[in-house]
Amino acid sequence: MDHMTETRELLAALGLPRQQQSDICVLTILGMANIKPETPWSEARNEWLRIHDIIQFANANYPVSYAENSRETFRKQALHHFRTAAITEDNGVATNSPNYRWRLTAEFVDILRNKGISDAPLRAFMANHESLIDIYASKKQIEKMPVNINGQDFTFSPGKHNQLQKAIIEEFAPRFAPNSECLYVGDTIQKDLVKREERLRELGFRITLHDKMPDVVLYRPDKNWLYFVEAVTSVGPMDPKRIQEITAMTQHVTAGKIYVTAFLDFKTFKKFFDFLAWETEIWLAEEPEHMIHLNGDKFLGPR
């Protein structure tokens, strides 16, 4: 088995994501360890090197040809991730310094030097360090935003749009739709996070695959009001066209209909002001106690 294949298998065994098992990542390890195709693993090194040195080594000893301007790719695709995984370390000087260097950690070099001899260093490394796949999975889980909807706990994926949807449910609803139930809310990754189809049908909705639900739909039973809320960070305010689409979807709904466009801040609201339909409401997450009414003759309520 050649050294590139063996290195790739080692990275997989250590729990590195597939992106960090690429040729660039494999060659980064071989270059930093100074392992040529004919060099035994027992001679692996961990000297301080520049990325330039790694690229030069790869080009000189393996059937590849990387240009000098690929340094950033080596840094971002390999070295930064390897540092998180305790495979590499830097010398701590400023990153823009000509003296900035990288090397393999002593623990990882010990694994390389013992390949084919003993797997004790590999077992010790895996016992002492969380795999990169697990680290990144934990990070993604932490970034998710918890939200309680209808008494159940959910998590939104990270991002401004879901941040705004969370604010609609936790800040807008208690203030302007008290005791309402959430009939629908999507997620940027999981489209229909909550979709109470039976309840929607009871209220007269006729939903087809072609219909695009508003971002959040709330129902307030005590007043028989439905709130259609669009969470706008870059597109999709309650313009006349959107009102027509929702009207067509809800032509058999007898509950009062309230159309709301929600924005994170006043700056975003100003960008969309010219597109907003009359007889709709505007809510800003940065000013949760207030609403802007484009109704003229009345405040919040169905027409």
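Using a/c under 1.5 as the rounded threshold, could you call region 55-125 rounded, prolate or oblate? The axes a ≥ b ≥ c are square roots of the C-alpha gyration tensor eigenvalues, and prolate needs a/b larger than b/c, oblate otherwise. Cα axes put region 55-125 in the oblate bin. Here the spin labels are modelled as points 7 Å beyond Cα on the Cα-Cβ line, and at Ser97 and Gln21 they lie 3.7 nm apart. Annotation: per residue accessible area for region 171-285 equals 51 Å², rounded to a whole number [probe 1.4 Å, protein chains only]. Ellipsoid fit via the Cα gyration tensor, the chain: semi-axes of 57, 20, 17 Å, each the root of five times an eigenvalue, largest first. Gap in Å between the Cα centre of region 215-252 and the Cα centre of region 47-114? Region 47-114 and region 215-252 have Cα centres separated by 53 Å.
Couplings for region 224-237, taken from phi via the Karplus curve 6.51 cos²θ - 1.76 cosθ + 1.60 with θ = phi - 60°, read 6, 10, 10, 10, 9, 10, 9, 8, 10, 10, 9, 8, x, x Hz in order; Gly and Pro are left as x. In this structure Asp23 has an accessible area near 70 Å², from a 1.4 Å probe over the protein heavy atoms. Rounded, prolate or oblate, given the Cα gyration tensor of region 30-90, with a/c below 1.5 counting as rounded? In terms of gyration-tensor shape, oblate. Solvent exposure of Arg201, expressed as accessible area, is near 140 Å², computed with a probe of 1.4 Å over the protein chains only. Each of Lys223, Lys166, Lys76 has its accessible area taken with a 1.4 Å probe; listed largest first, they run Lys76, Lys223, Lys166.
Ignoring ligands, DNA and RNA, what percent of the accessible area of the chain is carbon or sulfur (1.4 Å)? Carbon-and-sulfur percentage of accessible area, whole number: 50.
Taking Asn59, Asn69, Asn150 as the candidate residues, the one with maximal mean-square fluctuation in a Gaussian network model of the chain, Cα springs under 10 Å, is Asn69.
The values are calculated or read from the model by the stated rules, or taken from the named source; none is laboratory data. Just so we're clear, the structure is a prediction, and the values are computed from it rather than from any experiment. Every residue, glycine among them, receives a Cβ derived from its backbone with ideal geometry; neighbour counts consider all protein chains shown. Note: accessible area is taken over every heavy atom of the protein model, side chains too, but ligands, DNA and RNA are not part of it. Shrake-Rupley method; radii C 1.70, N 1.55, O 1.52, S 1.80 Å.
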